[in-house]
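Everything below concerns the one structure shown next.
Read the figures in this text as sums done on the coordinates, not as results from a lab. In this text the structure is predicted, and so the values were computed from the model without any measurement. Ideal geometry is used to build each Cβ from the backbone, glycine not excepted, and the neighbour counts take in all protein chains shown.
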Amino acid sequence: MKRVYVNEDWCLGCHLCEYNCAFANSGEKDMALALKGKPLNPRIRVEGDGSITYAVSCRHCKDPLCLRSCISGALHRENGAVCIDHSKCVGCLTCVLVCPYGAVLPGPDGAAMKCELCLQNACGEPACAAGCPNRAIVYEEREEAEA
Amino acid sequence: MSWRGEDFYARMGVRVLHAMEAERVDPEARRVILSTGETLGYDALCLCTGSHPFSPRFEGMETVEQRFFFTTLADALALEAAVTPETRVLIVGAGFIGLKCAEGLRDRAGSVTVCDLAAHAMNANLDGDASAILERHLEKNGLRLMLGNTVTRFEGDKAHMQNGETVDFDVLVIAIGVRPETTLCAGAGGKVNRGIPVNERMETALPGIWAAGDCTESLDVSCGEAGVLAVLPNASFQGRTAGKNMAGGEAVFDTGMKMNSIGFFGLHIMSAGTYTDLIYSEVTETDCKKLFARDGVLTGYMIVGDVSRAGIYTALIRNKTPLEELDLEALEHEPSLLPFGKVSRAKMLGGVV
Ligand SMILES: Cc1cc2nc3c(=O)[nH]c(=O)nc-3n(C[C@H](O)[C@H](O)[C@H](O)COP(=O)(O)OP(=O)(O)OC[C@H]3O[C@@H](n4cnc5c(N)ncnc54)[C@H](O)[C@@H]3O)c2cc1C
């Protein structure tokens, strides 16, 4: 399965992935309309300090703790990707409690929020990787990950 | 309302006998006797009987006409039907269940009062600093709290309180807690402590009998002792572990711990593990975070307010990660992957676990 991978040596800390993610998931056609003056709610987050930066988003684990721990059955798999059914999410954030990467986030509507690989939005493939200027974020299949 | 899709059991080749009680287990004959008198033979049996609400005897309890628990969907629906915008609700118990019930009733009822013998709300999970934030938030949202105070006697629609006050109410909810449902195991001659003791493979002491979920008592990785770890994540992993082993596979679940995530009127609260030695504390008007460690590993935490990425702390407890390998200072204020160092990070973000 293709996943999002991050190489921190190449990350410029430009935060473009956050903007592209928020835009892709906004449902809007125009980036300015989607983001200007509004709180940004990206599902990928750049972390780091003055010298190191890297982006963190859902790892789509082979055995996801979040999915196993979901109290309402909202977290499920679609073609390998771990997705949230918002009509079922009760916002208890047990997924945030158990995710070892801090990759599931409290969302703006009270429900949990996470990377769904842009498979449910118009982008069709991860906008973070597609727009990363330095290829610090890639979307690809890695053999060792499937082993 | 269903957790699984409707076709789940059919797809999995599982036969479910709804509305059917298992009355007794005969471990010698390896049979389960159902309430209809029918018997079912088994090679491997798993007890997943969950828990039941606990209710101490209050004097005069039988004089209360409208009294409810808040455990099952049926309880919730019956309660909802009994409440109108004029109803005065009294909830006994300011733990998770009582407060969640109060939150749900706030907009449906005329008034909601919650009392608890403990001096703080969510006493089992929070200390005074943390619950003070929660209590202020609950009161701001229209709940009346009576803490360090409980009912001594009911008299119809009146509750006589320990401090001499009386509370008039129309609907009473008892939310004092739940206890493991262990009747079947005890009846079969199996050992029962607070719950049914199981090992890391979810085996009970009785041959051919396994147990999983809220009815069990199992290893708590954060303190090394057995405890009732009655939340869904633990139940889910225990069930899977039992199932694999019952089918002849090999599985262990040895990373269970007490953990909770809950929110009331938009304020989030998380807690996990065992509160040993306080290593970090941050308390403001609206936020509280406390971290606990012993023997060089994180053993527990409580957070009120910003719960983002708290799972990183949970993982440190689960994996018993030596704190000396981490940049502790960076981790304390805000959990992130930064304190793990480049090599671990490359594994986490470049590979798949
Ligand atoms: C109000 C409330 C809120 C909760 N909120 C949370 C939360 O936010 N997060 C969280 O992680 N957990 C929460 N929990 C706990 C969570 O529901 C349990 O941990 C979980 O359901 C345990 O699963 P289980 O399969 O062990 O037991 P259960 O889900 O209780 O299932 C046990 C089943 O066994 C059946 N049964 C019992 N005895 C027999 C018998 N003799 N014959 C046949 N059937 C029998 C029962 O009818 C029941 O259907 C909450 C619980 C309550 C009551």
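Spin-label model, B:Asn199/B:Tyr42: points 7 Å from Cα along the beta carbon direction are separated by 1.9 nm.
Under 5 Å between amide hydrogens, built in the peptide plane, is the criterion, and for B:Glu23 it picks out B:Ile33, B:Leu34, B:Ser35 among residues at least 5 positions away or on other chains. Between B:Phe54 and A:Ala32, how high is the FRET efficiency from 1/(1 + (r/R0)^6) when r is the Cβ-Cβ distance and R₀ = 60 Å? Nearest 0.05. Here the calculated transfer efficiency is 0.55.
Please find, in a Gaussian network model of chain A (springs between Cα atoms separated by less than 10 Å), the residue of A:Gly13, A:Gly48, A:Gly107 whose mean-square fluctuation is greatest. So, out of A:Gly13, A:Gly48, A:Gly107, the one fluctuating most is A:Gly48. Note: relative contact order over chain A, using C-alpha pairs below 8 Å and six or more positions apart, is 33 percent. Spatial offset of the range A:1-58 relative to the range B:138-207 amounts to 46 Å, using the alpha carbon center of each. Per-residue Karplus couplings for the range B:39-44, computed as 6.51 cos²θ - 1.76 cosθ + 1.60 with θ equal to phi - 60°, are listed in order as 10, 10, x, 8, 8, 9 Hz, Gly and Pro entered as x. Taking Cα centre as origin and charging only the Cβ of basic (Lys, Arg, +1) and acidic (Asp, Glu, -1) residues, the dipole magnitude of chain B rounds to 780 debye. Between B:Thr71 and B:Ala76, the built amide H atoms are under 5 Å apart, and every one of these is 5 or more places off in sequence or on another chain.
Per residue, the average separation of C-alpha pairs within less than 8 Å and at least 6 apart gives the range B:209-349 a relative contact order of 16 percent.
Annotation: extensible slack from B:Lys158 through B:Glu21 equals 45.7 nm (criterion: 0.36 nm per residue apart, minus Cα-Cα distance). The mean sequence distance of close C-alpha pairs (under 8 Å, at least 6 residues apart), as a share of the length of chain B, puts its relative contact order at 14 percent.
Note on B:Ser35, A:Ser87, B:Ser336: ascending count of other Cβ atoms within 10 Å places them as A:Ser87, B:Ser35, B:Ser336, the fewest first. Couplings for the range B:95-108, taken from phi via the Karplus curve 6.51 cos²θ - 1.76 cosθ + 1.60 with θ = phi - 60°, read x, 3, 6, x, 6, 5, 4, 4, 4, x, 8, 3, 7, 9 Hz in order; Gly and Pro are left as x. Residues whose amide H comes within less than 5 Å of that of A:Gly107, counting only those at least five positions distant or on another chain, are A:Ala112, A:Met113 (H built at 1.01 Å from N in the peptide plane).
Based on Cβ point charges of +1 for Lys and Arg and -1 for Asp and Glu, what charge dipole magnitude is obtained for the range B:1-42 about its Cα centre, in debye rounded to the nearest 20?
Here the range B:1-42 has a charge dipole of around 160 debye.
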